[in-house]
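Q: Before I ask anything, let me first share the structure, which is written out below as structure tokens.
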Amino acid sequence: MIEIRGLEKYFGALQVLKGIDLDVEKGEVLSVIGASGSGKSTLLYCINGLEPIQKGTVLVDGTDVHAKTTDINKLRQKLGMVFQQWNSFPHLTALENVALAPKIVKGKAKSEARDIAEKQLRHVGLGDKLNVYPNNLSGGQQQRLAIARALAMEPEYMLFDEATSALDPELVGEVLDTMRLLAEEGMTMICVTHEMGFARDVSDRVAYFHQGVMDEIGPPDQIFGDAKSENTRKFLANVR
Amino acid sequence: MQETISFFSGFTPNDLWFLGEAALRTLWISALSISIGTVLGCAFGWMLYEGKLAATLTLAPVLDVFRSVPLIIQLVLFYNFAPIVGLDLDPFGSGVVILTIYTSALVANVARGGIEAVERPMRRAARSLGMSYWQDMRYVVLPIGGRAVFPAWVGVALGVMKDSALVSVLGYVELLKASQILITRTQEPFLILTIAGAFYFALSFPISRYAAKLEKRWAQ
Ligand SMILES: Nc1ncnc2c1ncn2[C@@H]1O[C@H](COP(=O)(O)OP(=O)(O)O)[C@@H](O)[C@H]1O
Ligand SMILES: [Mg+2]
């Protein structure tokens, strides 16, 4: 379970997160929507400790992400993350991309890391691309590669930061399908997304962020059908 | 008849051997300086990248000095003044020290550029997989950044090899010094400098060819 309490984040004098309280249960799929600049990406970075925070706490299964005593590299193994930009390691084949972290971070034997990588690549539908270098893959394939790479660490949570925003429209579907698959398998997911269809169909809850504040959170039906916040309604009217 | 003989007079196969040996010394002093200088330069480049203020205030100006003062002046100064501070080095030792520092000053900038070539999102992706700072450095930044600045590094290495000719002013008998000795004796500057040039070419050509091949393989 992820427990966020009173989270405040500043970049210099700019307050980007203004006191966020949020719990994400095991097995839940939470979509985070909101205008650009509202702090959605920053929230994810604060959850896996890629950004330090100024106030509040983030607990992952009871471990304080930002405590000095926390082994953050260990904790991050629980928290897979997929970024807007897919960030494939260009010098490694698809298989090596996925096998690298299990090998060096988890200390798996080479053959075992290979097996894990192969399994995860098949999982995301790249079983026929094992020995292909990333620059011979499409954006959608590279993003699925990024998902496989994160899954190879056997995370308990997956954080998606606009995983489809940088893709050509015709490639969005294959990545969303992979995310749907993970959701069906019971993965706990926090998905920052602009894909309202995905948010509505797949999420258990949807959170709307507005200028660093979580303005509203609730089941998709409520957010998309009967939003309480004026801001939410305005935002949804604009994206649709 | 007389003239054709005199054309080659003085230059014997032995002299070719002498030049060959000197070329090996050029190769040796260059290889040593380039290897140590590259390791040092990577460390300096990392400090420039990470150390921010402290490194920019202290290290950067020092490296600037070594980059901008002509190598020949550095060599002569070091060779003549090192004994005063108790460092009694022969021409070879002095040459290695100065060439190494010079290489490291050049490589520092290349290395910093290499680290900068790996953008933040890539590094965050690596860290998000649980990699430590040094694992990210070793398995992501080094191969990606290294390939990005490899051509620049090859340029530095080939340049240092040519510049190693300047160690001749200290009396170390590398390729250029050997040529000078032979020219004085044979009075055949054209022939001997052509041969010396061919040796320099023979030393650098395989390196640039191999580098080009590597770059091509990486580019696939
Ligand atoms: N590294 C950074 N340094 C300074 N400001 C930043 C940085 N990252 C994000 N910001 C600012 O924080 C705010 C929230 O950004 P972000 O979390 O990326 O929003 P979103 O993902 O919702 O578009 C924006 O105003 C952005 O300009
Ligand atoms: Mg964002």
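Q: Mind checking which pairs have a first residue in segment A:162-175 that is without any contact (Cβ under 8 Å) to a residue 60 or more places away in the chain and a second that is within 13 Å of ligand 1 (Cβ to nearest atom) and of a type in the set (A, V, I, L, M), Cβ under 9 Å, 6 or more apart or different chains?
A: These pairs meet every condition: A:Val175/A:Ala163.
Q: For A:Gln84, indicate whether it is within 16 Å of ligand 1 (Cβ to nearest atom) and in contact (Cβ under 8 Å) with a residue 40 or more places away in the chain. Let's see the steps before the verdict.
A: Working: within 16 Å of ligand 1 (Cβ to nearest atom): yes; in contact (Cβ under 8 Å) with a residue 40 or more places away in the chain: yes.
Taking the combined requirement at face value, the residue satisfies it.
Q: Quick one: which of B:Leu106, B:Leu71, B:Leu75 is touching a residue at least 40 places away in the same chain (Cβ under 8 Å), crowded, with 18+ Cβ neighbours inside 10 Å and in contact with an Asp or Glu (Cβ under 8 Å, 6 or more places away or on another chain)? Step through it out loud before you land on a result.
A: On the way: B:Leu106 fails: in contact with an Asp or Glu (Cβ under 8 Å, 6 or more places away or on another chain); B:Leu75 fails: in contact with an Asp or Glu (Cβ under 8 Å, 6 or more places away or on another chain).
Result: B:Leu71 is the single residue among B:Leu106, B:Leu71, B:Leu75 that is touching a residue at least 40 places away in the same chain (Cβ under 8 Å), crowded, with 18+ Cβ neighbours inside 10 Å and in contact with an Asp or Glu (Cβ under 8 Å, 6 or more places away or on another chain).
Q: Can I ask one more? Residues of segment A:1-60 being open to solvent by less than 10 Å² (accessible area, probe 1.4 Å), within 12 Å of ligand 1 (Cβ to nearest atom) and part of a strand (DSSP E or B), which ones?
A: Across segment A:1-60, the qualifying residues are A:Lys9, A:Leu17, A:Ile20, A:Val32, A:Ile33, A:Gly34.
Residue by residue, here is whether (1) open to solvent by less than 40 Å² (accessible area, probe 1.4 Å); (2) part of a loop (DSSP other than H, G, I, E, B); (3) within 8 Å of chain B (Cβ to nearest Cβ) holds:
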site: A:Thr69; (1), (2), (3): no, yes, no
site: A:Met81; (1), (2), (3): yes, no, yes
site: A:Ser88; (1), (2), (3): yes, yes, no
site: A:Val98; (1), (2), (3): yes, no, no
site: A:Lys103; (1), (2), (3): no, no, no
site: A:Gly107; (1), (2), (3): no, yes, no
site: A:Arg122; (1), (2), (3): no, no, no
site: A:Asp128; (1), (2), (3): no, yes, no
site: A:Asn131; (1), (2), (3): no, yes, no
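Q: For segment A:18-44, which residues satisfy the criterion of being acidic (Asp, Glu) and farther than 23 Å from A:Gln54 by Cβ? First the steps, then the outcome.
A: Here is the first cut: in segment A:18-44, the ones acidic (Asp, Glu) are A:21, A:23, A:25, A:28.
Hits for segment A:18-44 are A:Glu25, A:Glu28.
Q: Among the candidates B:Ala108, B:Ala126, which residue alone is in a helix (DSSP H, G or I) and closer than 23 Å to A:Arg149 by Cα? Spell out the reasoning first.
A: Numbers: B:Ala108 fails: closer than 23 Å to A:Arg149 by Cα.
After applying the criteria, what remains is B:Ala126.
Q: Continuing with this model, one more query. If I ask for residues that are more than 22 Å from A:Gly225 (Cα to Cα) and in contact with a Lys or Arg (Cβ under 6 Å, 6 or more places away or on another chain), which ones from segment A:176-206 would you list?
A: Scanning segment A:176-206 gives A:Thr178, A:Thr188.
Q: Name every residue in segment A:51-64 that is within 14 Å of chain B (Cβ to nearest Cβ) and closer than 16 Å to A:Val32 by Cβ, in order of residue number.
A: Matches in segment A:51-64: A:Glu51 only.
The values are calculated or read from the model by the stated rules, or taken from the named source; none is laboratory data. Keep in mind it's a predicted model, so treat the numbers as computed, not measured. Heads up, the Cβs are rebuilt from the backbone with ideal geometry, glycines too, and the neighbour counts pull from every protein chain shown. Please note that ligands, DNA and RNA were not included when accessible areas were found on the heavy atoms of the full protein model with its side chains. Shrake-Rupley method; radii C 1.70, N 1.55, O 1.52, S 1.80 Å.
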